[in-house]
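S.K.: Below: one structure in structure tokens.
The values are calculated or read from the model by the stated rules, or taken from the named source; none is laboratory data. These numbers were taken from a predicted model, which means no experiment stands behind them. When we count neighbours, we look across all protein chains shown, and the Cβ atoms used for this are built from the backbone with ideal geometry, even at glycine. Note: accessible area is taken over every heavy atom of the protein model, side chains too, but ligands, DNA and RNA are not part of it. Shrake-Rupley method; radii C 1.70, N 1.55, O 1.52, S 1.80 Å.
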Amino acid sequence: MSPLAAAARPAPDSDRPCRTFLAKGMEAEKKAISLLSKLRNELQTDKPIIPLVEKFADTDIWNQYLEHQQSLLSESDGKPRWFYSPWLFVECYMYRRIHEAVIQSPPIDDFDVFKESKEQNFFESQESIIALGTHLQELLKTIEDLDENNLKNEFFKLLQISLWGNKCDLSLSSGNTISQKTNIINSLEHFRPFILVNDMEHLWSLLSNRKKTRGKGTVSRVDIVLDNSGFELVTDLILADFLLSSKLATEVHFYGKTIPWFVSDTTIHDFNWLIEQVKHSNHKHLSKCGVDWENYIKMGRWVYHDHIFWTLPHEFCAMSQVAPDLYAELQKAHLILFKGDLNYRKLTGDRKWEFTIPFHQALNGFHPAPLCSIRTLKAEIQVGLQPGQGEQLTASDPNWLTTGKYGVFQFDGPL
Ligand SMILES: O=P(O)(O)OC[C@H]1O[C@](O)(CO)[C@@H](O)[C@@H]1O
Ligand SMILES: [Mn+2]
């Protein structure tokens, strides 16, 4: 019997639901693809930016923001358009429209379109991930005996690994694989000159002073606003493990993204999936990391927070108005680490600041707690440089702002 004839024959009752589900799935896939093609056409032909239509936790806030963008334009400017609106808004809007296309297409409405790329990044970085896990387990064997100076050096090493982990970012590589192939630990000295602002000493003095002076049983809390999943997330979890094991912190709070975002950004599914993968690694040191990390979560020493604010287009100086609950949560931290370039753009409002403007000024009143941006440069904004430093970089390396080759540890707050 020909396949067509077989398909035409009424299915036996046993697999009818399966076929219906399959048919519905294919229907949904077609719908999502057509919505995404419409989005691409709007983007490529500079159409007006249209309000979100699907009911979701943040639909109204997004549409209010779009109205705000409209209010900034004069009569003759017409509607906010793709090519003539602030990049921060338009890029965030694009990823939010991708999410809308998926939630409008049940039953695939909870599908993560970037899941495969994020998992591929993890698997392709296995060698360097194993090297990092081994490095951490070796370090933990002797951590109690390290003197202050050695402990500080180990802290600085893991901070730099977390910084350079930020290069592995799929939105910069527009989704092409950008996994960590080499053992990053051996390259730290080579990368050192590419750190343009280095406030690591501030981080050390803040945490080590608090460790010395805090009373028994008091909390030392470090909050990490995460960026990319995959290799970068491993570097952040290894840093967080060290913070607890060195007693520089007694608890670490993590913030991820509520929806798939900028291709590689971490969602709660990515966070849990990665810890599960590490725990089940057949490499004993790596598997020990995963077992410890799962225990930190069970004991409440690691806490994961979800908040819709992180996938809105707002600059962080608006957080206390737009998301006062999140601002209040961040105020409980003794230090907040903001990973990555997008967070840096939102910290500084993505303004065309002079390179030498102080970071404190660019934060425009956003001071929930002492904070540090740990960021590789992928967008044309950088503040807090020395006089002439930006100009010198432009002369020696014209694309220094956007290649991810340079990085900063930029601190703000009382010591
Ligand atoms: O993952 P990160 O470090 O926030 O990088 C995201 C950055 O990559 C880009 O999407 C492309 O360069 C920027 O627009 C964005 O700020
Ligand atoms: Mn990112």
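S.K.: Of the residues Ala318, Ala333, only one is part of a helix (DSSP H, G or I) and either in contact with an Asp or Glu (Cβ under 7 Å, 6 or more places away or on another chain) or free of Cβ contacts under 8 Å to residues at least 40 places away in the same chain (or both); which?
M.R.: One residue alone meets the criteria, Ala318.
S.K.: Same structure, new question: Which members of the stretch 182-228 meet the condition of being farther than 20 Å from Glu329 by Cα and among the polar types (S, T, N, Q)?
M.R.: Residues satisfying the conditions are Thr182, Asn183, Asn186, Ser187, Asn198, Ser205, Ser208, Asn209, Thr213, Asn228.
S.K.: Is there a residue being within 16 Å of ligand 2 (Cβ to nearest atom) and at pLDDT below 95 anywhere in the stretch 204-212?
M.R.: no
S.K.: May I pose another question? With respect to the numbered conditions (1) in contact (Cβ under 8 Å) with a residue 40 or more places away in the chain; (2) away from ligand 1 (no atom under 16 Å from the Cβ); (3) open to solvent by 10 Å² or more (accessible area, probe 1.4 Å), which one is the sole condition not fulfilled by Leu248?
M.R.: Of everything listed in (1) in contact (Cβ under 8 Å) with a residue 40 or more places away in the chain; (2) away from ligand 1 (no atom under 16 Å from the Cβ); (3) open to solvent by 10 Å² or more (accessible area, probe 1.4 Å), Leu248 misses just condition (3).
S.K.: Taking into account only those residues within the stretch 388-415 that are crowded, with 18+ Cβ neighbours inside 10 Å and touching a Lys or Arg at 6+ places or on another chain (Cβ under 7 Å), which is farthest from Trp204 (Cα to Cα)?
M.R.: Looking at the filtered set, the residue picked out is Gly404.
S.K.: Restricting attention to the stretch 130-142, does a residue exist that is in the same structural domain as Thr235 (by the TED database), hydroxyl-bearing (Ser, Thr, Tyr), surrounded by fewer than 19 Cβ atoms within 10 Å (Cβ to Cβ) and free of Cβ contacts under 8 Å to residues at least 60 places away in the same chain?
M.R.: Yes, the conditions are met somewhere in the stretch 130-142.
S.K.: Continuing with this model, one more query. Looking only at the stretch 161-173, decide whether some residue is more than 16 Å from ligand 1 (Cβ to nearest atom) and surrounded by 17 or more Cβ atoms within 10 Å (Cβ to Cβ).
M.R.: No: zero hits.
S.K.: A follow-up question, please. Could you list, ordered by first residue, the pairs with Cβ atoms under 6 Å in which the first is in the stretch 40-56 and assigned by the TED database to the domain that holds Arg97 and the second is of a type outside the set (Lys, Arg) and assigned to a loop (DSSP other than H, G, I, E, B), at least 6 apart or interchain?
M.R.: So the pair list comes out as Ile49/Pro80; Glu54/Gln104.
S.K.: Regarding the stretch 337-344, can at least one residue be identified that is at pLDDT 95 or above, at positive phi and in a loop (DSSP other than H, G, I, E, B)?
M.R.: yes
S.K.: Checking Asp292 against (1) surrounded by 22 or more Cβ atoms within 10 Å (Cβ to Cβ); (2) within 19 Å of Ser162 (Cβ to Cβ), only one condition comes out false. Which one?
M.R.: (1)
S.K.: So, in the stretch 349-387, of the ones that are of a type in the set (S, T, N, Q) and surrounded by 22 or more Cβ atoms within 10 Å (Cβ to Cβ), which residue ends up farthest from Gln160 (Cα to Cα)?
M.R.: Here the answer is Gln382.
S.K.: Ok, one more. With of a type in the set (D, E, K, R), in contact with a Cys (Cβ under 9 Å, 6 or more places away or on another chain) and open to solvent by less than 30 Å² (accessible area, probe 1.4 Å) as the only criterion, which of Asp241, Asp270, Asp227 stands out?
M.R.: None of the other options fit; the residue is Asp241.
S.K.: Looking at the stretch 54-112 only, could you name the residues that are within 25 Å of the chain's Cα centre (by Cα) and among the hydroxyl-bearing types (Ser, Thr, Tyr)?
M.R.: Passing the criteria: Thr59, Tyr65, Ser85, Tyr93, Tyr95.
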